[in-house]
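**Student:** This structure is in C-alpha cells; I'll ask about it shortly.
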Amino acid sequence: MYLGNVAQRTPDKAAIIHLGEKETILTYGELDERSTRLARYLREQGLKPGDGIAVLAANHLDVPEIYWAGQRSGLHYTPVNTHLSVDEIRHVITDSGARTVFVSAANLDTAARALEGFDIMLVALDGARQGFRDYETAIASVSGAPLDGELEGTPFIYSSGTTGLPKGVKRPQSGNAPGGTLFGMAPSIAAAYGLTEESIALIPMPLYHSSGLTRLMICSSMGCTTIISERFDATQALATIEKYGVTDSLWVATMFVRMLQLPAEVRDGFDLSSQVSVTVGSGPCPAHVKERMIEWWGPIITEIYGGTEGSGMTRITSREWLTHRGSVGLPVFGAVHIVDDDGTVQPVGQDGTIYFSGGRPFEYHNSKPGSAPAYDERGWSTLGDIGHVDEEGYVYLTDRKSDMIIVGGVNISPAEIEATLIEHPAVRDVAVIGVPSEEYGEVVKAVVEPMDPAAAGDALADELMRFCFERLPKFKVPRSIDFEENLPRHPTGKLYKRLLRSRYWEGRPTNVV
C-alpha cells in the first residue's frame, strides 16, 4: 500500500502513462527515485514536516512525483486549479502557506504575476526561466537513495466556497511513516473502487481536482498502471480504453455526455470489453445519462457522492441504481442524518439538509468569523446539500442549500459572479444560478434586475457579458443573462433563489438539481 514497496517489487512496471503530444511512460522505479530526490531537495532547502508546497501544472507528467514527494516527506501539498484568476491563484498559494510552487510552462506568466513580491521559491517544470529554479537541475543535484525518517504527508485541497474565494480543507497529519494506510484511508476503499495491483486505471479528469488526485495516489499506492492525459477528448478516451485495455476509470457526468454525443458509428467502433469498474462522481449524474451509459457499458458504473471535505461518502452500483433510480447510494463511511433548519432529524422520505457523522475530521483553513460552520453542535458536518433517504437508507439529492453551481464536476460559487455584476452601473440587483444543461449537468445563468427596466434586452446582456469576461475566469462567466423587473427577495433582504431556479428546472429530474 505504498509507492516505495511497489517500486521494490516491480521497479520496471509502468506506474504512469502520460498522454500529451507524445506518450511518455514513467516506471515505478523512476517515480520512486524522482519523488525521493525531490523530497530530499526540499528538505535541503529547509522545508520540514508540516510545511507546504503547491502545484500549478494541471496534468503535467511531473505532477505525480511532486505529490509523492510531499506524501513521503510529511508536507502539505496543494494542487491549484489552473483556470482560476490571478487573484484566486494568489489567494490559494499564500493562504495555504506554501513555501515552494511548481509551475508548468503554460502557467509561468500567471504565477509570476500572482506571486510577485512574495518570498516563495518558484520552480519551473519545463526548463529554466528567469525568477524560477529549474526542476530537472534541482532533482539531479541530490541523491536518489532512500530518504531517512519518511513521514506521511497530506493533500491540502481548496474547494470553492459560497464566499467566492476557494476554501482550504486541511486535515491533521498522522505523524506516521507512509504505508500504514491506503493514502490515509482503509484498504477496503480500493475494493469499493474495484482496484487491484493488476488494474489499468484511466483518470481523464484534472489532477488538481480532489477526486483526480485521490484516485491517482490510491492507484500508485496499490501498484496499478495509471493513465493520465493533458486534456479530455471523448474519442481519445474511448481509443485509450481499447488501446491499453483499461479496466478501471474515473469520470464526471459531463464526460459521459460528450461520449454519448459522438455518432453511434464512432462509439460502436471501439472495443471497450476490458472495463471492469467505472466510477462517476464530483456532481450528480443525470438519470437519463446514467441509463444510457449502463445500456452501453453494462452494469459496471458506480456513482459516488461526497466532497473534498471527506466527511462522508455514499456509493451506489449500477444494479442498485436500477432499483433505486436517482439515488446516490448508501454510506461507505460516515453515517447520514437528514436534518431540518431547527436541527431536528427528519423521517424517511422527508427532505432536509444532509449531514454526516463519523467521517474523516477536517477544518476550513483560516476560515473567517461568521462564515458557515462546517459542524453543528453534535459534531455532524454538511456539504450544504438537501435530500432525503428511503426506507432502505438510500440517499437522494434534491437541492443544494449552498447554491453552489456544479458545471461538469467543477464547483462554481455564484457569490463572486454576483459581486462582479453588481459593480456595473446598469445593474440594480442580480442572482446567479445554475440552469439545466445536457452537456454539463448545469451551466451558469445570471438573472439581472436592471436600473432601467427599459434597458433590458440583448444589447445590455452583451455589455454585461463583456464586463464579466474582463473580470472573471472564462469558466465562471454566465452562459446567458435574463432580466427581471423585480427579483424575489424577502423584506429582510434574503433572495429566494429556489423560486428562480424552479422556473428553469421545472419538469427536470430532481436528482440533477
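**Student:** Can you pull out the residues in the stretch 409-438 that are hydrophobic (A, V, I, L, M, F, W, C), open to solvent by 20 Å² or more (accessible area, probe 1.4 Å) and in contact (Cβ under 8 Å) with a residue 60 or more places away in the chain?
**Tutor:** If the condition is that a residue be hydrophobic (A, V, I, L, M, F, W, C), open to solvent by 20 Å² or more (accessible area, probe 1.4 Å) and in contact (Cβ under 8 Å) with a residue 60 or more places away in the chain, then VAL410, ALA415, ALA419 are the ones that fit.
**Student:** Conditions first: (1) under 22 Å from GLY441 (Cβ atoms); (2) in a loop (DSSP other than H, G, I, E, B); (3) charged (D, E, K, R). ASP271 passes all but one, so which condition is the exception?
**Tutor:** With (1) under 22 Å from GLY441 (Cβ atoms); (2) in a loop (DSSP other than H, G, I, E, B); (3) charged (D, E, K, R) applied to ASP271, the lone miss is (1).
**Student:** Looking only at the stretch 47-59, filter to residues that are in contact with a strand residue (DSSP E or B) (Cβ under 8 Å, 6 or more places away or on another chain) and not in a strand (DSSP E or B); which one of those is farthest from ALA191 (Cα to Cα)?
**Tutor:** Selected residue: LEU47.
**Student:** Go through GLU320, GLU291, GLU295 for me and flag whichever is more than 21 Å from the chain's Cα centre (by Cα), assigned to a helix (DSSP H, G or I), under 23 Å from LEU195 (Cβ atoms) and acidic (Asp, Glu).
**Tutor:** It is GLU320.
**Student:** Taking the stretch 283-307, which residues are open to solvent by 20 Å² or more (accessible area, probe 1.4 Å), within 11 Å of SER327 (Cα to Cα) and modelled with pLDDT under 90?
**Tutor:** PRO284
**Student:** Report the residue count in the stretch 3-27 for those that are in contact (Cβ under 8 Å) with a residue 60 or more places away in the chain and either open to solvent by less than 20 Å² (accessible area, probe 1.4 Å) or in a helix (DSSP H, G or I) (or both).
**Tutor:** Total meeting the criteria: 9.
**Student:** Can you name the residue in the stretch 478-510 that is under 24 Å from ALA461 (Cβ atoms) and in contact with a helix residue (DSSP H, G or I) (Cβ under 6 Å, 6 or more places away or on another chain) and is also modelled with the highest pLDDT among such residues?
**Tutor:** That would be ILE481.
**Student:** Among ALA253, ALA192, ALA234, which is surrounded by fewer than 21 Cβ atoms within 10 Å (Cβ to Cβ), touching a helix residue (DSSP H, G or I) at 6+ places or on another chain (Cβ under 7 Å) and closer than 27 Å to ALA287 by Cβ?
**Tutor:** After ruling out the rest, the residue left standing is ALA234.
**Student:** Mind listing just one residue for me: the one in the stretch 439-457 that is outside any strand (DSSP E or B) and at pLDDT 90 or above and, of those, least open to solvent (accessible area, probe 1.4 Å)?
**Tutor:** GLY457
**Student:** Among the numbered conditions (1) surrounded by 17 or more Cβ atoms within 10 Å (Cβ to Cβ); (2) assigned to a helix (DSSP H, G or I); (3) not polar (S, T, N, Q), tell me where ASP109 comes up short.
**Tutor:** Here ASP109 meets the rest and fails (1).
**Student:** Do any helices (runs of 4 or more DSSP H) entirely within the stretch 194-267 hold 1 or more residues that are in contact with an Asp or Glu (Cβ under 8 Å, 6 or more places away or on another chain) and farther than 25 Å from ARG315 by Cα, and if so, which?
**Tutor:** In the stretch 194-267, the matching helices (runs of 4 or more DSSP H) lie at 234-244.
**Student:** Go through the stretch 308-325 and count every residue that is crowded, with 17+ Cβ neighbours inside 10 Å and aliphatic (A, V, I, L, M).
**Tutor:** 2
The values are calculated or read from the model by the stated rules, or taken from the named source; none is laboratory data. Please read these numbers as outputs of a predicted model, since none were measured by experiment. Glycine also receives a Cβ, built like all others from the backbone with ideal geometry; neighbour counts cover every protein chain displayed. Heads up: the accessible areas ignore ligands, DNA and RNA and are worked out on the full protein's heavy atoms, side chains in. Shrake-Rupley method; radii C 1.70, N 1.55, O 1.52, S 1.80 Å.
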